[in-house]
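Novice: Below is the structure I would like to discuss, written out as structure tokens.
The values are calculated or read from the model by the stated rules, or taken from the named source; none is laboratory data. A quick note: this is a predicted structure, and the numbers were derived from the prediction, not measured. Here the Cβ positions follow ideal geometry from the backbone for every residue, glycine too, while neighbour counts run over all protein chains shown.
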Amino acid sequence: MNLEDLKKEYIRIKTPADSGWTGLEPKLTLQNTNFAPILTKSLTTSLMLLLVLSAVVGTAQAAKPASVLYPVKILSQDIYAKVTGNYEIKIKKRTQDVVDSQNSEKELEKATQEYIETISETKEEAIKKGNQEQFREILENQEEKLKQAEPQNPQAQEKLQEVIDQTQKAKGEVQGQKDDTQNNSQNENRQNHIPQNNPGRGNNR
């Protein structure tokens, strides 16, 4: 094969001008322009879901115990309490649920259960953060409210008393935890103030 034959073969197999990056760039640019409608649709869908969720949460605030939306109500108030650090609102809401559910056995049972679980959870949180005194005052206020509620029937009276007993129990546990903490602190202070014997001094005669 001579030089002329090699030249003809090179021209025959030469890569087209529109191949490689030169040919690929317009195609990529065209594809990138198609993301705008997709992004707009995604944002619109997300906004609609957010609006629907907000409406559901708002409606759930009036939900009664044992209803379909009651768990949504509980969850939204749990999130609010964790974000703000205000657990008093949870206890107040659960107390009011107990008082308002006296005429329905099913609702009262659920309200009582949620109240007991709530004070148990918030008690642990109060102890962890050292807010025992504040938590005890909250329980005292809710206990007084429960005692002032007039039982509508024997079952309501029984459940109200159960809730009051659980409230008093939680108060006692928090107070006991507080007393233990104070005693431990006092013991540590005494240990820190005990005079140490000076080993350099002996009995002089």
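Novice: For the range 65-97, how many residues are surrounded by 12 or more Cβ atoms within 10 Å (Cβ to Cβ), out of contact with any Ser or Thr (no Cβ under 7 Å at 6 or more places or on another chain) and not in a helix (DSSP H, G or I)?
Specialist: Summing the residues that are surrounded by 12 or more Cβ atoms within 10 Å (Cβ to Cβ), out of contact with any Ser or Thr (no Cβ under 7 Å at 6 or more places or on another chain) and not in a helix (DSSP H, G or I) in the range 65-97 gives 2.
Novice: Also, quick follow-up: As an exercise: evaluate residue 108 against (1) at pLDDT 90 or above; (2) under 20 Å from residue 165 (Cβ atoms); (3) within 17 Å of the chain's Cα centre (by Cα) and give the number of the one condition it does not meet.
Specialist: Unmet condition: (3).
Novice: Would you mind finding the one in 125, 121, 109 that is out of contact with any helix residue (DSSP H, G or I) (no Cβ under 7 Å at 6 or more places or on another chain), surrounded by 13 or more Cβ atoms within 10 Å (Cβ to Cβ) and more than 16 Å from residue 90 (Cβ to Cβ)?
Specialist: Numbers: 125 fails: more than 16 Å from residue 90 (Cβ to Cβ); 121 fails: more than 16 Å from residue 90 (Cβ to Cβ).
Result of the check over 125, 121, 109: 109.
Novice: Still on this structure: Criterion first (modelled with pLDDT under 90 and within 17 Å of residue 112 (Cβ to Cβ)) does residue 152 satisfy it?
Specialist: Criteria met by residue 152.
Novice: Of all residues being of a type in the set (A, V, I, L, M, F, W, C) and modelled with pLDDT of 90 or more in the range 120-148, which is farthest from residue 102 (Cα to Cα)? Just the residue, please. Full working, then the answer.
Specialist: At the first step, the residues of the range 120-148 found to be of a type in the set (A, V, I, L, M, F, W, C) are 126-127, 135, 138-139, 146.
Subset that is modelled with pLDDT of 90 or more: 135, 138-139, 146.
Details: 135: 26, 138: 22, 139: 20, 146: 12 Å.
Selected residue: 135.
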